[in-house]
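Visitor: Structure below; questions to follow.
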């Protein structure tokens, strides 16, 4: 398989999940053969290489939490609850925890100087899956929150951008 084709498949697998492009066994085989023969791997590429027994490797099941600093954690937590429906961390064992629906999750480091998050001082951005992007955008705008709806429909869905009260970028995604 050509190097460019492997790069394209790798990019698509990151965006849509490996199962979208290849079966699990073919994906593992492609990942194991992705390095060019006779070339030394850089430390970053070596770290990204799958374990020798990738099929037997224990993998994380999903994101168990997102933790970040805030000037006013209580107020910011109330904002997320009120406008996005995300329950705060429970204070008792009887209190419910926010449960996200099962679905695709993209985990992707970006270049240090990427402009994708907007403000260069922000080092993270959260992307929330939504069922009805138009309804969510209208709900947020009715609450006086500025939301920028991307007019383009991508093969993997639609997107909108907003910022929480502390300027942290949020991306909303309605999968295709």
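Bear in mind that the values in this text are calculations on the coordinates, not laboratory data. Please read all numbers here as calculations on a predicted model, not as lab measurements. Every residue, glycine among them, receives a Cβ derived from its backbone with ideal geometry; neighbour counts consider all protein chains shown.
Visitor: Could you line up 173, 79, 124 from fewest to most neighbouring Cβ atoms inside 10 Å?
Guide: Values: 173 20, 79 17, 124 10.
Going from least to most buried by this count: 124, 79, 173.
Visitor: Here is a follow-up. Assuming 0.36 nm per residue, please report the length gained on full extension of the stretch residue 134 to residue 60 beyond their Cα-Cα distance. Numbers along the way, then the final one.
Guide: Numbers: separation 74, 0.36 × 74 = 26.64 nm, distance 3.23 nm.
Length gained, residue 134 through residue 60: 23.4 nm.
Visitor: Moving on to the next point. Using a 10 Å cut-off around each Cβ, can you sort 172, 149 from fewest to most neighbouring Cβ atoms?
Guide: Starting with the residue having the fewest Cβ neighbours, the order is 149, 172.
Visitor: By counting other Cβ atoms within 10 Å of each Cβ, how are 162, 76 ranked from fewest to most? Working shown, then result.
Guide: Working: 162 20, 76 17.
Going from sparsest to densest Cβ surroundings: 76, 162.
Visitor: Here is a follow-up. Could you check the simple spin-label distance between residue 74 and residue 98, using points 7 Å along Cα→Cβ, in nm with one decimal?
Guide: Reported label-point gap for residue 74 and residue 98 is 1.9 nm.
Visitor: Is the C-alpha gyration tensor of the stretch 87-151 telling us rounded, prolate or oblate? Criteria: a/c under 1.5 is rounded; beyond that, a/b larger than b/c is prolate, otherwise oblate.
Guide: Details: a/c = 1.80, a/b = 1.25, b/c = 1.44.
It is oblate, given that a/c is not under 1.5 and a/b is not larger than b/c.
Visitor: Would you mind calculating the relative contact order of the stretch 103-175 from Cα pairs under 8 angstrom and at least 6 residues apart, reporting the percent as a whole number?
Guide: On the way: 92 pairs, mean separation 24.4, N = 73.
So the answer I get is 33 percent.
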